[in-house]
Amino acid sequence: MEQIIKYVLGEAREILEAPFIFFSALLVVLCAAWWAINWRYSAIIDTKDGIIALYKERLQGATPDQARAKIESLEAQVLSLKAREWPPLTLRTSAAFKAALKDLSPTRIDVFAQDRDGVLLVQTLIVALNELGWGAKRSSSMNPLPEGLTVWPDNEAGRQMRDALAAATGFSLTDDEYIKRENRIAIGLGFKVD
C-alpha cells in the first residue's frame, strides 16, 4: 500500500511540474472520447427522430387519445369481420355429423356459400360428406342466398340433413322455400347472423 501512495505522489509531482502538457493531453483524450460517442449515437438518434417523424405524419396531428380511439375502432371492425366467418367442422363435430347421416342413402349434394366467410365450413362439409360416399361439391349461384344456414328441399332427407347440420355446427338453420331441387340436397351458407 505504501508503494502505491509513493507512486501516486511521485506522479502528482510530475503533473505539478508540467501542468500545461498534462491538461492539454487530458483535453485531447476527452475531445476524442466525446467525438467517438457523438459519432456513435448520432446515427441512433437520427433513426429515432425519423421514426418519430413517421409516427407524427401517420397520426396527422391526432392526440394520443385520438390515436388510441382510432386503433380501438379498427380492432372492433376486425373483430366484427372475424365474427362473420363460419367456423369449420372440428374432428369431433365432423364425426357427429357423419354419424347422424350414416342411415341416409347417399345422394348428390351441392354446397353454396354467399362469400369467402363460409369457405372453411364448406370445405369441411364437403370432406365429411364425401367420406360418407356422397357426391358433395361446391357450387355457385347467381342468386343471393338467405342469411344463415339453409338446407333444401324440405323433405325427409333434407330434414335429416338439417338436423345433423344444426347438431354439428350449433347454429340454427333458416327455413327457405324459394329453391327446390330434385334428387339432390342443397346446403346454403348465407351471411352469418348468429
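The values are calculated or read from the model by the stated rules, or taken from the named source; none is laboratory data. What you see is a predicted model; the values in this text were computed from it and never measured. We place every Cβ from the backbone using ideal geometry, glycine too, and count neighbours over all the protein chains shown.
Leu81 falls short of the stated requirement of being in contact (Cβ under 8 Å) with a residue 12 or more places away in the chain and among the hydrophobic types (A, V, I, L, M, F, W, C). Taking the condition modelled with pLDDT under 75 and out of contact with any strand residue (DSSP E or B) (no Cβ under 8 Å at 6 or more places or on another chain), does Glu182 pass? Considered against the rule, which asks whether it is modelled with pLDDT under 75 and out of contact with any strand residue (DSSP E or B) (no Cβ under 8 Å at 6 or more places or on another chain), Glu182 comes out as yes. Could you go through the stretch 41-57 and let me know if any residue there is loosely packed, with under 10 Cβ neighbours inside 10 Å and more than 34 Å from the chain's Cα centre (by Cα). Yes, because at least one residue in the stretch 41-57 is loosely packed, with under 10 Cβ neighbours inside 10 Å and more than 34 Å from the chain's Cα centre (by Cα). Elements of the type helices (runs of 4 or more DSSP H) sitting completely within the stretch 63-162 and holding at least 1 residues that are of a type in the set (D, E, K, R) and under 30 Å from Ile52 (Cα atoms): these cover 64-83.
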